[in-house]
Amino acid sequence: MSLFLDALLDSSLDDSIRGVPPGAAPLRLRDVGAQGWRPAAGDMALPVLTLDEDAFAANRDLIFAYARRHGVALAPHAKTPMAPQIAAGLVEAGAWGATVANLQQTAVLLRAGVTRLILANEIGGRASGERLGALLAAYPDADLRAFADSPAVVEALAAAARAAGRPPERPLSVLVEVGAGRAGARDRAAVDAILAAVVRHPGLLVLDGVATYEGAVATADPAETAANIAALMRRTAEAFALVRALAPERPLLLTAGGSAFFDMVVTGLAPVAEADGNATLVLRSGAIFFHDHGVYERALGALDARQGFACGGATAADFRPALRLWAEVLTRPEPELAICGFGMRDASFDQGLPRPLRVHRDGAALSAEGLRVTRLNDQHAFVAVPGGHDLAGPDLAVGDIVEFGISHPCTCIDRWRVLFGLGADGRVRSAYRTFFG
């Protein structure tokens with residue numbers, strides 16, 4: 001464990017953190033599990049976001065098994081939780097490394113001792129390059145590969161390499177990004193220009209492979225999405241051949257893969273890496289470890305429908321949503337309306353509203369069937385209560401604790417400074433600091 005992670009576990013939590021009971025004495029992060037808190041019992045300040053640790057571990061083991069079966073590696077995207085404890089734990093469990101999206105995320109993971117990183121984004125211009133160089137100078141053991149989709153970005157990376165002061169035998173590794181719908185080189189001419197720009201900086205930069213992101217070409221039409229991704233994989237393979245021609249002996253990377261279409265990446269690029277014999281296909285999936293009750297539930301259902309999850313007898317349906325949002329019923333102002341104590345500051349809503357899963361009252365877990373979140377304010381959730389809904393008992397009441405599933409982990413966890421891990425007994429057994437900046 002890095003000194004940073006060890007110090008993090010000794011950092012103090014108090015009631016300025018959502019979830020910590022008001023008036024509770026400050027306690028160390030490592031001591032949270034000794035408190036015996038159960039959000040379902042109202043032991044915590046609500047709302048609170050929790051991580052089902054058994055579900056997370058099962059998801060981790062399942063995607064790792066898939067990767068081993070298909071001969072690919074994983075660099076989970078750290079932007080989903082931005083929790084260095086989680087990123088370091090995934091590397092310890094066998095991940096090739098981690099993925100980051102910007103310099104702040106890079107700095108957090110380097111401080112946590114996660115040194116093999118894919119910087120899966122263009123960094124900007126020369127000033128950003130110099131900032132990256134200063135960061136690499138502070139962490140000389142960093143093994144970082146950075147995206148470039150234009151000669152201008154290559155020049156920024158050259159500025160980073162100069163500022164880092166690395167010896168010529170340790171140049172900064174560049175991944176040529178091929179893309180559509182977002183960043184990335186759009187055609188052969190753009191790829192050729194990137195390659196020429198990298199070659200102009202021997203001793204500072206080195207070609208290390210090719211990157212892309214398939215989710216940017218997805219549409220609402222599954223057939224169109226499959227065709228778009230297949231075309232992008234072909235362009236990525238063509239760019240890889242150009243890189244290989246300029247770096248005939250170097251081990252190279254091919255990297256792509258979010259959490260919705262990674263099977264199409266494996267179909268398109270794993271044969272390329274295998275035929276090359278000196279290349280590794282690295283998936284950057286991040287949300288898959290958390291899953292959800294919305295956008296990824298639908299995405300993995302579609303993955304199974306196309307029979308894309310080939311992993312022994314397992315299916316994508318074996319992934320389990322690991323995040324829960326807990327909130328109290330604040331008022332019943334109308335017969336078919338309940339207001340719960342969370343809102344846009346607490347939950348994702350960009351790709352679907354939270355879903356009521358269970359209602360907890362006096363130690364009993366009651367059905368939430370029929371309940372539906374219709375809209376959110378800053379601090380209020382509007383829950384439609386159908387006529388006659390009785391939860392197999394008295395009607396939904398003020399003080400009931402409702403357990404919600406969420407849609408889209410990436411835009412939910414970033415609202416929380418601490419994510420609380422739950423054991424199988426529903427008690428908090430750990431806490432994870434997040435660093436979204």
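The values are calculated or read from the model by the stated rules, or taken from the named source; none is laboratory data. Keep in mind that this is a model prediction, so the values were computed, not measured. All Cβ positions, even for glycine, are placed from backbone atoms using ideal geometry, and neighbour counts span all protein chains on display. Each accessible area value is taken on the protein alone, full model and side chains, heavy atoms only, with ligands, DNA and RNA left out. Shrake-Rupley method; radii C 1.70, N 1.55, O 1.52, S 1.80 Å.
Taken as a whole, the condition of being modelled with pLDDT of 95 or more, in contact with a Ser or Thr (Cβ under 7 Å, 6 or more places away or on another chain) and farther than 23 Å from D292 by Cα does not apply to L110. For residues that are closer than 21 Å to N102 by Cα, surrounded by fewer than 18 Cβ atoms within 10 Å (Cβ to Cβ) and in contact with a strand residue (DSSP E or B) (Cβ under 9 Å, 6 or more places away or on another chain), tally how many sit in region 417-437. Residues that pass the stated criteria total 1.
Looking at region 270-296 only, could you name the residues that are in contact (Cβ under 8 Å) with a residue 40 or more places away in the chain, of a type in the set (D, E) and open to solvent by 30 Å² or more (accessible area, probe 1.4 Å)? Result: E274, single match. Evaluated against (1) more than 15 Å from M233 (Cβ to Cβ); (2) surrounded by 21 or more Cβ atoms within 10 Å (Cβ to Cβ), T219 falls short on exactly one condition, (2). Scanning for something closer than 30 Å to G421 by Cα and either touching a helix residue (DSSP H, G or I) at 6+ places or on another chain (Cβ under 6 Å) or at pLDDT below 95 (or both), does region 127-147 turn up at least one residue? Looking through region 127-147, at least one residue is closer than 30 Å to G421 by Cα and either touching a helix residue (DSSP H, G or I) at 6+ places or on another chain (Cβ under 6 Å) or at pLDDT below 95 (or both). Within region 274-332, the set of residues being in contact with a strand residue (DSSP E or B) (Cβ under 9 Å, 6 or more places away or on another chain) and basic (K, R) comprises R284, R320, R324, R332. Being touching a Phe, Trp or Tyr at 6+ places or on another chain (Cβ under 8 Å) and within 19 Å of G71 (Cα to Cα) is a description that does not apply to G268.
State yes or no: is E249 over 30 Å from G113 (Cβ atoms), loosely packed, with under 14 Cβ neighbours inside 10 Å, out of contact with any strand residue (DSSP E or B) (no Cβ under 9 Å at 6 or more places or on another chain) and acidic (D, E)? Spelling it out, E249 is indeed over 30 Å from G113 (Cβ atoms), loosely packed, with under 14 Cβ neighbours inside 10 Å, out of contact with any strand residue (DSSP E or B) (no Cβ under 9 Å at 6 or more places or on another chain) and acidic (D, E). Taken over region 230-246, residues that are surrounded by 14 or more Cβ atoms within 10 Å (Cβ to Cβ) and more than 16 Å from E177 (Cβ to Cβ) amount to 2.
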